[in-house]
1. Cα centroid distance between the range 321-349 and the range 383-434, in Å?
2. Lysines near LYS37 by alpha-carbon distance under 28 Å, same-chain residues fewer than 8 away left out - which ones?
3. Which residue fluctuates the most in the chain, going by a Gaussian network model with Cα springs under 10 Å, if the choices are GLU38, GLU272, GLU103?
4. Connecting C-alpha atoms closer than 10 Å in a GNM of the chain, tell me which of VAL245, VAL296, VAL190 has the biggest fluctuation.
5. Mind listing the long-range amide H neighbours of GLY141? Cut-off is under 5 Å, sequence gap 5 or more, other chains count too, H placed in the peptide plane at 1.01 Å from N.
6. Given Cβ point charges of +1 (Lys, Arg) and -1 (Asp, Glu) and nothing else, what value in debye, to the nearest 20, does the dipole of the range 156-286 about its Cα centre take?
7. Which residues among the range 393-411 fall inside the zone where the amide N is under 13 Å from a point 7 Å beyond the Cα of ARG432, along Cα→Cβ?
8. Would you work out which of GLY228, THR305, PHE195 lies farthest towards the positive end of the dipole of the chain, given +1 charges on the beta-carbon of Lys and Arg and -1 on that of Asp and Glu, about the Cα centre?
Amino acid sequence: MQPISGNEFTLFPNERRAPPPIRCAGEADARFACFAKELEERSREHEVAGALALTTPDGKLHSYARTDALNERVGKITADTRFPAASVSKMFLGAAAVSLSLEGRLDLQRPIAAYLPELSTEVGVGAATLHQLLTHTSGLGNPLQCDTPQTDLGDLLRRRGREPLFAPPGAVDNYSNQGYSFVALVLERVEGRPFEQIVRERVLVPAGIPGASYGLERVAVRGHLPKGVSPMPRCRAMWPSGGLVLSARELSHWASELSRPEESRLGRPLIELLTAPHVASNGIPGGAYGYGVQRVPHGGLTIFTHSGRLEDSTAFVAWSPERRTSVAAFADRTEPFLIGAGLRALSTFLSLPEDWQPPPGPEHPLDAYTGVYVDHHGTLGRLRVRLESGALAIDYLDARPPLLPANFRFVFAGGSPRPRYVVTAVGVGERRDD
C-alpha cells in the first residue's frame, strides 16, 4: 500500500502531476474567455460534454457549455440544461433537516429510533443520530440503495434498518449514501409528507431555484457509460443522496446564496450550521465535513465544495464565502477532470494556488499502522497490516473479500499512537489488541 495523504493508503496510486500554471488574467470577462478556451481544449481531449457556470461577487454569471454527438438530440447544452446532481444532492437534504431543527421540529442529536419506532437502539441504525447520518459517522456501510427501480424509502427501512452496523455510531466516518435515505425517512415521519416537498418548500424555493426537483427520469442529457459498465438501477430510495436534478446556473446560484448568509433567504443560522466543521477530514489538514458539505482550506481561504458521480455523469460545486465567488459544473461522463476544472476556475478567478491536492505522505510512522484488524459485520474479514520493504503490505487472514477494496483509511482515537479502526468500502476493521 502506498500513502495518499494523512492516514489514507491505496493499492493503486495515481501519478501526482503539477497542474500547468494559470495564464488567464485581466478583468472578469477576459479572464473567463481565456479560461473557457482552455476548458474547451480539455473537453475535446476527454470527449466530454457538459456545462460550467461561475458567479462573481457582483452577481454576474459566466458560463461555458459543450454538446457532443450523443446529446445532439436534446439540442444545444447550455448553463440551463439540467443534469443529475448525484451526491451534491446531499447538502440540500441537509439544509432541510437543519431548517426543521432550527424550528424545534426535530433534534439532530437524538437517536432516529425516536422518530422511527420500527427501529431499535440496540441493533442497527436506530441508535444513530441525524447528525451522525448527515456526517457519515453513523457506522452504516454503503451498499447499493436500489435493488430494483421500484425500491422506495420504506423498503430500506424494512430491509436494512436492523442490519448490524460496520462500527458503533460516532466511531468512524464512513461515507454512506444510505444514511441520507434514513434522514429523509425521519423528515417524512416528522412532517407527514414526502421529503421532496419538504426540500422544495424549505430550501429550493427560498434559495431561488424552484425549478430544481428530484427524479433522474427528468434528465434529458444522456451520459457515456465506461466500457464494460452496466447501468445500475435508479429508484426513489436514492433520491435523498443523489437524485436532485438542476442546471449549472441553478447550482452556481445555490452556492452563491450560501456564500452570502447575511443576505440569503435561507438565513445565517441555517447556512452556518449546514457548513460548520462537524467532522475532521482525514487526509486534508484543516479540512472538515459539514452536512453534505466539504470544507477545505486553500490559499488562505475557506473553500466549501462537494462532488458527485453516477456511473455516467459527474457533478461539482464549490464556493468561497470570503470572495463571494461560486462555481458549478456537470459532465456527461464520470471524469475526474471536471472536478479539476471547477477548482481551476476558482484558482483562475481568486488567484489561488493551482495545486489542490492534499500533501502526500503518511501522518504517522508506518509501523504505527501495523497490526491485525477484525471486521465483525462487513466482508473485510481479518486483515493483517505489516511492513515490507519500507511500505505497508496487507494479508487477508480469512478468505479474500468478494470485492477487494482499493483504499484503506486508518482512524486514530483518544490520542492513541496506533489506529483503532481501518475503514474500507467493504467493511470496517477494529484493531485487535496484541
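1. 34
2. LYS60, LYS76
3. Per the Cα network of the chain with a 10 Å cutoff, GLU103 tops the list.
4. VAL190
5. When sequence neighbours closer than 5 places are left aside, the close amide H contacts are PHE166.
6. The calculation lands at about 560 debye.
7. 395-399
8. Of the candidates, PHE195 comes out farthest on the positive side.
No lab work stands behind these numbers, since they all come straight from the coordinates. Not measured: the values here are computed from a predicted model. Every residue, glycine among them, receives a Cβ derived from its backbone with ideal geometry; neighbour counts consider all protein chains shown.
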